[in-house]
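Asks: Below you will find the structure I want to go over with you.
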Amino acid sequence: MTVHGFGFPQGRIEVICGPMFSGKSEELIRRVRRAIIARQRVQVLKPAIDTRYSESHVVSHSDVRLHASCVATVRDLYAAIHPRTEVVGIDEAQFFDEELVAVCNSLANRGMRVIVAGLDMDYRGLPFAPMPRLLGVAEIVTKIQAVCMECGAPASFSQRIKGGDSTVELGSSERYEARCRRHFEPEEARQMELLRARAEVLRVPTTLDA
Ligand code: ADP
Ligand code: MG
């Protein structure tokens, strides 16, 4: 087990969470790059389900990228970790099941620094898969915000603007938008109502024309 700095093993869990476009992947990449500069042994993994941009890299919406391995399940993730690895980066953690919590704990207990990035809420504003429990067991939690696409305020929610009603629907800016609390509308019917109301405000008052 590697010992750093003050003579203590640095095993710990760090969670980076927030809505889509908040910079979770950028922040994960930033931390991992610094660990590489410090010549630590690093492994970055992501769920095989997320092949939006690349199967071999973590890619941010600003096109910052870092080499990563795809794993199908939490068990595969655990099996892929080399015993001498010092820093483990995991992106899109919300796509893994709850077993991820036990695996992150086990890796941290073995002295590894585990950095996990993921959506804390799904498009309905509900806690997403293993994320809430990971937040509970992590030593360090960083919750970041995006920019609301309606008003420019800090945004903590991911609004689905197109697509069905399954929790997992892969997509980027064509399907999702970051929104603040005021502009986040999880109910699709209500969302349509708001869009109609907005169109109504913008509409030329034809009834008065008559
Ligand atoms: P995440 O992993 O949280 O989805 P990324 O790290 O992939 O986020 O991307 C963050 C980048 O996305 C920002 O640095 C910015 O360039 C871009 N971006 C696009 N839309 C927004 C938005 N609504 N708010 C903030 N950043 C945005
Ligand atoms: Mg990301």
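Each value in this text was obtained by applying a stated rule to the coordinates, not by laboratory testing. Nothing here was measured: the structure is a model prediction, and the numbers come from that model. Every residue, glycine among them, receives a Cβ derived from its backbone with ideal geometry; neighbour counts consider all protein chains shown.
Asks: Which lysines have a Cα less than 22 Å from the Cα of Lys24, not counting those fewer than 8 places away in the same chain?
Replies: Lys46, Lys143
Asks: Next up: Bin all alpha-carbon pair distances of segment 12-144 at 10 Å intervals from 0 and give each bin's fraction as a whole percent.
Replies: 13, 50, 34, 3, 0
Asks: I would also like to ask the following. If you project the alpha carbons of segment 33-92 onto the principal axes, what extent comes out on each, in Å, largest first?
Replies: The Cα atoms of segment 33-92 stretch 30, 28, 14 Å along their principal axes.
Asks: Give me Leu126, Leu107, Leu134 ranked fewest to most by other Cβ atoms within 10 Å of their Cβ, as a rough exposure proxy.
Replies: Ascending Cβ contact count within 10 Å gives the list Leu126, Leu107, Leu134.
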